[in-house]
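This report refers to the structure that appears directly beneath it.
Derivation of every value follows stated rules applied to the coordinates shown; laboratory data play no part. Every value quoted in this text rests on a predicted model; they were computed, and no experiment measured them. So basically every Cβ, Gly included, is an ideal-geometry build from the backbone, and we count neighbours across all protein chains shown.
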Amino acid sequence: MAATGEAVTYRQLDEQSNRIAAAFPCRRTQGRRPYRASWRKSALFEICWGAQRSGLIYTAISSRLTAAEVDYIVTDCGAKLFITSKHLADRRPSSRP
């Protein structure tokens, strides 16, 4: 991460995305296990890789959008899961998945 100097090895990315994938609702099993992560900027990549490993399709949403804009995108794409950080929780969609 250029802004923080944080580095993540491929091994770390692989291991963490596997843990995240196990927590996501899987298309194959429709089950999930609880997972709580501390937020780091590099977590975005782990979440995206974890979603792909679970067979899920993810839609990235800009943190610069308003709550109404986020709500429209989430509704339009038919999201079943919404992930955000604490400091952006006020922008979560009103019709939360």
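Under the rule a/c < 1.5 gives rounded, and otherwise a/b versus b/c splits prolate from oblate, where does region 42-97 land using the Cα gyration tensor?
Because a/c hits 1.5 or more and a/b fails to exceed b/c, region 42-97 counts as oblate.
By average Cβ neighbour count within 10 Å, what is the ranking of 67-73, 4-10 from highest down? Provide the component values of the computation, followed by the final result.
Details: 67-73: 14.4, 4-10: 9.1.
Ranking, from highest mean packing down: 67-73, 4-10.
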